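J.: Okay, handing you the structure first.
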Amino acid sequence: MKDKELEKDIRAVLKQLDKLPMAIGVTPKGKVVTKEKRTQSALRASAKKFISPMQRNVRDGKKKHYRYRKSDNQKITYYPGNLRKSNKVMKFKKAHPLAIFVGPKGYRGKSTSFGTGNKADGYYAPFVHDGTENHTPNPFVEKGFNSAKNEVLKDLKRRVENIFRYYAKQKGLGKI
């Protein structure tokens, strides 16, 4: 799923960000605005643009599916539309501070019904994405990534420019 041109463009954007100091401004209430927090915010906002194309490429099932929880052998129900709802932007604690992940998110609660209301569980996403011996693969993540990557990169560049504008405004450097 790697795209060399996209990686090159992202590295160029990150090189620009390296030129900024860690503290890039102060809020009206006196809090320090850091480059890392503003960049994380820009990355998350841009990454959200991947979700809609991914959701469009998921084929919804037509019937309920079930599995049984290992710990207490409880029946868990998955309704049509669950996988579509489970696509989220995620940040993991142990990952690099500027790493953002987009894909199906698993549910960590004790619910037994998914695809209704706000609850969604991407438990079976690998089976749909990569296929099984009985089902053909549907690489919805790759399709969504490929269809949205240029738009997301443009959006990210615009957001990084806004970080530079914010810094210039804070330091009184004029327009950038």
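The values are calculated or read from the model by the stated rules, or taken from the named source; none is laboratory data. Quantities reported herein were computed from a predicted structural model and do not represent experimental measurements. Cβ sites come from the backbone with ideal geometry, for glycine too, and all protein chains shown count toward neighbours.
J.: Could we say that Met54 is surrounded by fewer than 16 Cβ atoms within 10 Å (Cβ to Cβ) and either modelled with pLDDT of 80 or more or not acidic (Asp, Glu) (or both) here?
T.: On the way: surrounded by fewer than 16 Cβ atoms within 10 Å (Cβ to Cβ): no; either modelled with pLDDT of 80 or more or not acidic (Asp, Glu) (or both): yes.
It is false that Met54 is surrounded by fewer than 16 Cβ atoms within 10 Å (Cβ to Cβ) and either modelled with pLDDT of 80 or more or not acidic (Asp, Glu) (or both).
J.: When the residues of the range 60-98 are filtered to those that are closer than 14 Å to Tyr123 by Cα and of a type in the set (Ser, Thr, Tyr), which remaining residue is surrounded by the most Cβ atoms within 10 Å (Cβ to Cβ)?
T.: Top of the filtered list is Ser86.
J.: Could you tell me which residue of the range 70-102 is nearest to Val141 (Cα to Cα), considering only residues that are out of contact with any Phe, Trp or Tyr (no Cβ under 9 Å at 6 or more places or on another chain) and touching a residue at least 40 places away in the same chain (Cβ under 8 Å)?
T.: Step by step, filter the range 70-102, then rank; the result is Ile100.
J.: While we're here: Within the range 104-160, track down each residue that is more than 19 Å from Lys75 (Cα to Cα), of a type in the set (D, E, K, R) and either loosely packed, with under 12 Cβ neighbours inside 10 Å or without any contact (Cβ under 8 Å) to a residue 24 or more places away in the chain (or both).
T.: Lys105, Asp130, Glu133, Lys154, Arg158, listed by residue number.
J.: For the range 86-134, which positions are in a helix (DSSP H, G or I) and touching a helix residue (DSSP H, G or I) at 6+ places or on another chain (Cβ under 8 Å)?
T.: Ala125, Val128, His129, listed by residue number.
J.: Checking the structure you have, find out if any residue of the range 12-26 is in contact with a strand residue (DSSP E or B) (Cβ under 8 Å, 6 or more places away or on another chain), of a type in the set (Val, Ile, Thr), at pLDDT below 80 and surrounded by 10 or more Cβ atoms within 10 Å (Cβ to Cβ).
T.: yes
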